[in-house]
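Engineer: First the structure, then my questions, so here it is.
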Amino acid sequence: MRDAKKQRRKLKQQLAEATSYEQWLAIATHLDELEGMLAWREEEGCELLHEALIREHIDAMVRCRENGDTRGLTRVLQESLYRHLGEIANPDLYAIAWTGTKYLVSEFLDEVERSMYFICDNRMPGVTNQQKLRLFQDAERVYGRPALMLSGGAAFGIYHIGVTRALWQQGLLPDVIAGSSMGAIVAGAICTRSNPELERFFYEPGEVHLDAFRWLEPGRIWRKRHAMDQSQLLHHIHSNIGSISFREAAEHSGRTLNISVSPTRTRQKPRLLNNLASPEVLVDSAILASCAVPGIYPPVTLQARDGAKGKAGSKPYMPTERWIDGSVHGDLPLMRMARLHNVNRTIVSQANPHVLPFISYHHQRGPAASAKQAATSLMHAQVATTLNLTRNSWSSTILRPLLEQAHAMATQTYLGDINIQFPFRPLLYRKLLTNPGQEELEMFIRLGEQATWPRLAMIRDQTRISRTFTNCIARLQQACAANDNAPE
């Protein structure tokens, strides 16, 4: 018994020191085997799953494929997905074993994927490829798609590079990405690059411009009422991203960039800037606004592409409004993302320093973790209640805007469906507003990768059907184009 505990501690230490996902997965598999979790993944009987019905639907899909019955297969798929998606998405299924959940879930998803490709690639009586393409497109809109959301976090937000690199290496990086503050910089760097450019960005991080922060002299801080040089931040953004509109970014990268900005006026609403809502707004000005932490950087007037002056020209966008850090009112714009992009699954990379103490035990299980979660939840609720009472009591004072911002930060949602979080390490807080060196850059990226690896099994499973829809639609579009170009 003592030897087994010692071996488990050793393996968990090795997990924390892994330098690649392949190495991490091999260690995690060994740990699951030692703890009996591989047997749990194989065995029948789980109150979290309706196993008999899942087996029945798997068998029905296999029979339809073997009989070439594409219409019957479509009906079985519709019923099966409707019945089982809720239980398969249960995060408790992924809180037991390190390497994933029940093998039955993988078996079910394997058959769903095979069936979708079968319908895509085989004839359906009375249905043309063009009609089939519309059926798949309509079904994808009903089903939805995943999105990645990158929080603010100052220097901590550099770890988002590690998170996105880990997802990208496994082919799991969503096409829809949102960012606030430092998360907006990383999201912008990804969504303004083509795939070859993105590969270079991930594999050669030493080329990233790192000097975002420059403190002002004490006298200038007093006069300007903000602590840092905004021109240095803009230079950092231009060095890593350039100057490009949201529309141009989407056309170049094939990805959809979303950046949150918060209003300075109490009656104005937060905005989610993207190629649908604000196609001509310049990404660099949106990022600059999303980084404008009150007291650190001044508010920003957004800029848009000026068609009359070409790509070199710009003009103010909503010139009477100024905008600040998106984390103030909408660090994670969950509802707006769902409405605009039909998002059905949110992957959140959370690095906000004021949030980490309250969520550091969120993904853990057991009595000790539950007690810590309860204690931090009570503290969070107390802070929110106090700020609400204070802002109502001081409603007519000049402090009202600051209290409104503090209340918004305390009461908004900071977690999504799948959460990847920066490790709560108090000693790192001293680096929060400092420019990282090359060694610190690599450390933050490694922390991001290590935080992502335990979530990959869940992300892979819960985004698999969406990714299959994307692939099927691409195949059908190619088939339709080939038919259109075929000689008569």
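Engineer: What is region 139-274's relative contact order, in percent, from Cα pairs under 8 angstrom and six or more apart in sequence?
Structural biologist: 25 percent
Engineer: Please state the equivalent ellipsoid semi-axes for the chain: what are the square roots of 5 times the Cα gyration tensor eigenvalues, largest first, in whole Å? Provide the component values of the computation, followed by the final result.
Structural biologist: Numbers: eigenvalues 320, 190, 93 Å².
One finds semi-axes of 40, 31, 22 Å for the chain.
Engineer: Using a 1.4 angstrom probe on heavy atoms only, work out the carbon and sulfur share of the accessible area of region 1-90 in %.
Structural biologist: The nonpolar share, carbon plus sulfur, comes to 48 percent.
Engineer: Now for a different question. Restricting to Cα pairs below 8 Å that are 6+ residues apart, what does the relative contact order work out to for the chain? Please round to a whole percent.
Structural biologist: Relative contact order here is 20 percent.
Engineer: Still on this model: What value, in deg cm²/dmol to 500, does the helix sum -39500 (n - 2.57) over DSSP H runs of n ≥ 4 give at 222 nm once divided by the residues of the chain?
Structural biologist: Calculated mean residue ellipticity at 222 nm is -17500 deg cm²/dmol.
Engineer: Pull the list of the chain cysteines that no other Cys approaches to under 4.7 Å, Cβ to Cβ.
Structural biologist: Cys46, Cys64, Cys191, Cys291, Cys480
Engineer: Per residue, what accessible area does the chain have, given a 1.4 Å probe and all protein chains present, in Å²? Mind dumping the intermediate values first?
Structural biologist: Working: 23590 Å² over 488 residues.
That works out to 48 Å² per residue.
Engineer: If the chain between Ala39 and Glu56 were fully stretched, how many nm would it gain, using 0.36 nm times the residue separation less the Cα-Cα distance? Kindly include the intermediate steps, with their values, before the conclusion.
Structural biologist: Values: separation 17, 0.36 × 17 = 6.12 nm, distance 2.27 nm.
Net length gain for the segment: 3.8 nm.
Engineer: Roughly what % of Cα-Cα distances in region 162-236 sit above 16 Å, to the whole percent? Before the final figure, lay out each step's value.
Structural biologist: Details: 1637 of 2775 pairs.
Tail fraction, whole percent: 59.
Engineer: On to the next question. What trypsin sites (Lys or Arg not before Pro) does region 114-189 have in DSSP loop regions with at most 14 other beta carbons within 10 Å?
Structural biologist: Filter output for region 114-189: Arg123.
Engineer: I need the shape label for region 173-214. Rule: rounded when a/c is under 1.5, else prolate if a/b > b/c, else oblate, with a, b, c from the alpha carbon gyration tensor.
Structural biologist: oblate
Engineer: Considering amide H positions built from the backbone, and no H for Pro or chain starts, which residues 5 or more places from Gln421, or on another chain, come under 5 Å of its amide H?
Structural biologist: Correct list: Gln350.
Engineer: If you don't mind, there's one more thing I want to ask. Could you tell me what a quarter of the Cα convex hull surface of region 1-146 works out to, in nm² with one decimal place?
Structural biologist: 11.1 nm²
Engineer: Based on DSSP H assignment, which helices of the chain show an axial Cα extent of at least 18 Å together with a mean Kyte-Doolittle hydropathy greater than or equal to -1.0?
Structural biologist: 21-35, 51-66, 70-88, 103-121, 367-393, 438-452, 464-485
Engineer: If I stretch the segment between His238 and Ala481 completely, what's the gain in nm (0.36 nm per residue apart, minus their alpha carbon distance), one decimal? Please list the in-between numbers first.
Structural biologist: On the way: separation 243, 0.36 × 243 = 87.48 nm, distance 3.88 nm.
Gain on extension, His238 to Ala481, equals 83.6 nm.
Engineer: Note down the net charge around Pro146, summing +1 for each Lys or Arg and -1 for each Asp or Glu among other residues with Cβ under 13 Å from its Cβ.
Structural biologist: Combined, the nearby Lys, Arg, Asp and Glu give +3.
Engineer: Over region 110-184, what is the relative contact order in whole percent, taking alpha-carbon pairs under 8 Å and six or more residues apart?
Structural biologist: Relative contact order here is 35 percent.
The values are calculated or read from the model by the stated rules, or taken from the named source; none is laboratory data. Bear in mind the structure is a predicted one, so any value in this text is a computation, not a measurement. Because the Cβ atoms are built from the backbone with ideal geometry, glycine has one as well, and the counts that use them run over all protein chains shown. Ligands, DNA and RNA are excluded from the accessible area calculation, which covers all protein heavy atoms including side chains. Shrake-Rupley method; radii C 1.70, N 1.55, O 1.52, S 1.80 Å.
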